[in-house]
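**Q** What follows is a single structure, and I will ask about it in a moment.
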Amino acid sequence: MSINSFGHLFRVTTWGESHGPALGATVDGCPPGVAIDEAAIQYWLDRRKPGQNKYTTQRREADAVRILSGVFEGQTTGTPVQLMIENTDQRSKDYGDIKDKFRPGHADITYFQKYGIRDYRGGGRSSARETAARVAAGGLAREAIKALAPNVEITGYMVQMGPHRIDRDRFDRAQIEQNPFWVPDAKAAEDWAAYLDDLRKSGNSVGAVIEVVARGVPAGLGAPVYGKLDTDLAAAMMSINAVKGVEIGEGMAAAELTGEANADEIFMGQNGPQYSSNHAGGILGGISTGQDIVVRFAVKPTSSILTTRRTITTSGEETEIVTKGRHDPCVGIRAVPVGEAMMACVLLDHLLLHRGQIGGNRGHIG
């Protein structure tokens, strides 16, 4: 059972645990001839790595990626690409007090119920540390996309922290990389800093909503009925640690609209169809329209907190728990580059599927 793999033609298998010697990804199906080196992948890993500011876990990891196979003289060979990231700053002793206790809101209890054993050191495979492997694979996917669809641009950002949302009227893409929250609203970034600082000092945590937009995606990607582009995007985002909800375009808000309001009217432009709006999030019937693809996902609060909570032990005794160690007060911050990476992997997979079945689009308008 390949339950640690995702993708169809571009197939990614992640491996490793939070406190093991290393983690990484095996990427199969990457086209040959893609120019790649460790520095190109490292750029994206540096955006995700911990310890960059006081609003993320203070675990210090270089997240230095090594390419072990599948690349020769700076190009992919078409064979599996093995990516490895060593763990260098584990503090497993921080978890000694909870080895027989379950953290409320954490996968500790379900892993134990399923397997009869769990890696309590940071959560093992359920740790957000696993996402470093996804970002490495996403870095490779981005380089392959450049060769197949050079106009594609993927951008992620935070649109909500706890109950606080950005003001869309103040949306400024230039602000995204100017603050520690990847938020396109300078005023929101300032307000959220004070809000999260208070939570961090109290040992608590909070959730967030991330939006990922892909621009320049050609029309025609995806297929009915079980090969929908939005199906795979939703599954990819939902598979990220701590994600509890995913929506495409208007998402849940579409239920509040009338058919008249929700329908994106179509006009003929100089370069093909144009739309009056994008309630569909760039996907109709599971197939891309050529508009921006818009995905949002909700990340729950970090389960490992300093607040005392009631729980039980592996033997069924009731007790209390406080989780020591280094944890993100808002894990949604570092989920931004992870969401971008998953978007890249899914888009490359569907570009390859489309090329394999159709080649170029068969339906021409105008």
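The values are calculated or read from the model by the stated rules, or taken from the named source; none is laboratory data. If you're wondering where the values come from, they're calculated on a predicted model, not measured in any experiment. FYI the Cβ positions are ideal-geometry reconstructions off the backbone, even for glycines, and counts take in every protein chain you see. For accessibility, only protein heavy atoms count, side chains too; no ligands or nucleic acids. Shrake-Rupley method; radii C 1.70, N 1.55, O 1.52, S 1.80 Å.
**Q** Take every Cα-Cα distance within region 245-366, group them into 10 Å bins from 0 onward, and report for each bin the whole-number percent of pairs it holds.
**A** Here the calculated profile for region 245-366 is 10, 26, 25, 17, 12, 7, 2, 0.
**Q** Cβ under 11 Å from Ile41's Cβ, Ile41 left aside: what net charge do those residues give with Lys, Arg +1 and Asp, Glu -1?
**A** For residues surrounding Ile41, the net value is -3.
**Q** Can you list the HN-Hα couplings for region 254-264, worked out from phi with the Karplus curve (6.51, -1.76, 1.60; θ = phi - 60°), rounded to whole Hz and with x for Gly and Pro?
**A** For region 254-264, the Karplus curve yields 5, 5, 8, 8, 8, x, 5, 6, 7, 5, 7 Hz.
**Q** For Cα pairs less than 8 Å apart in space and 6+ apart in sequence, what is the mean separation divided by the residue count of region 71-166, i.e. the relative contact order in percent?
**A** RCO, region 71-166: 20 percent.
**Q** So which lysines can Lys300 reach, going by Cα to Cα under 20 Å and dropping same-chain residues fewer than 8 places off?
**A** Lys49, Lys54, Lys201, Lys244, Lys324
**Q** Can I ask one more? Working from Cα positions, state the angle (0 to 90°, nearest 10) between the long axis of helix 131-148 and the longest principal axis of the chain.
**A** It is inclined by approximately 10 degrees.
**Q** Also: Throw me the Rg/Rh for region 120-258, computed over C-alpha atoms with Kirkwood Rh, two decimals.
**A** 0.98
**Q** Considering amide H positions built from the backbone, and no H for Pro or chain starts, which residues 5 or more places from Ile312, or on another chain, come under 5 Å of its amide H?
**A** Hits under the 5 Å cutoff: Phe102, Thr319.
**Q** In addition: If you fit an axis through the alpha-carbon atoms of helix 332-357 and take the longest principal axis of the Cα set of the chain, what angle between them do you get, 0 to 90°, nearest 10?
**A** Once rounded, the angle reads 40 degrees.
**Q** If you roll a 1.4 Å probe over region 211-366 with all protein chains in place, what percent of the accessible area is carbon or sulfur?
**A** Ligands and nucleic acids excluded, carbon and sulfur give 52 percent.
**Q** Loop-only check: which trypsin sites (Lys or Arg not before Pro) in region 152-190 are DSSP coil with at most 16 other Cβ within 10 angstrom?
**A** none
**Q** Quick one: Debye curve from the C-alpha atoms of region 143-211, no solvent, what's log10 I(q)/I(0) at q = 0.14, 0.17 Å⁻¹?
**A** With one equal scatterer per Cα and no solvent, log10 I(q)/I(0) is -0.50, -0.65.
**Q** Quick one: helix 229-238 against the long Cα principal axis of the chain, what's the angle to the nearest 10°, folded into 0 to 90?
**A** 10
**Q** Let me see the pair-distance distribution of region 240-304: every alpha carbon pair, 5 Å bin width, integer percents in order.
**A** 4, 15, 21, 20, 15, 10, 7, 5, 2, 1, 0
**Q** Also, I was wondering about something else. Once phi is turned into ³J(HN,Hα) by the Karplus curve 6.51 cos²θ - 1.76 cosθ + 1.60 with θ = phi - 60°, what whole-Hz value does each residue of region 162-173 show in order, with x for glycine and proline?
**A** x, x, 9, 10, 6, 9, 4, 5, 9, 4, 9, 4
**Q** Hey, what did the chain get for relative contact order, percent, Cα under 8 Å, at least 6 apart?
**A** Worked out over the chain, it gives 22 percent.
**Q** Would you pull out the residues with amide H under 5 Å of Ser18's amide H, same chain only if 5 or more places away, H placed 1.01 Å from N?
**A** Gly124, Arg125, Ser127
**Q** Which entry in (1) 28, 56, 15, 0; (2) 33, 62, 6; (3) 22, 29, 16, 22, 11, 0 matches P(r) over Cα pairs in 20 Å bins from 0, in percent derived from the coordinates of this structure?
**A** Of the listed options (1) 28, 56, 15, 0; (2) 33, 62, 6; (3) 22, 29, 16, 22, 11, 0, (1) comes from this structure.
**Q** Could I ask something else about it? Give me, ordered by chain and number, the residues 5 or more places off Asp328 or on other chains with an amide H under 5 Å from its own placed amide H.
**A** Thr57
**Q** Using θ = phi - 60° and the Karplus relation 6.51 cos²θ - 1.76 cosθ + 1.60, list the HN-Hα couplings for region 222-228 in order, rounded to whole Hz, with x at every Gly or Pro.
**A** For region 222-228, the Karplus curve yields x, 8, x, 9, 9, x, 4 Hz.
**Q** Taking the Cα centre of region 250-366 as origin, work out the dipole magnitude from +1 charges on Lys and Arg Cβ and -1 charges on Asp and Glu Cβ, in debye rounded to 20.
**A** 480
**Q** With a 1.4 Å probe and all protein chains left in place, how much accessible area per residue does the chain have, in Å²?
**A** 48
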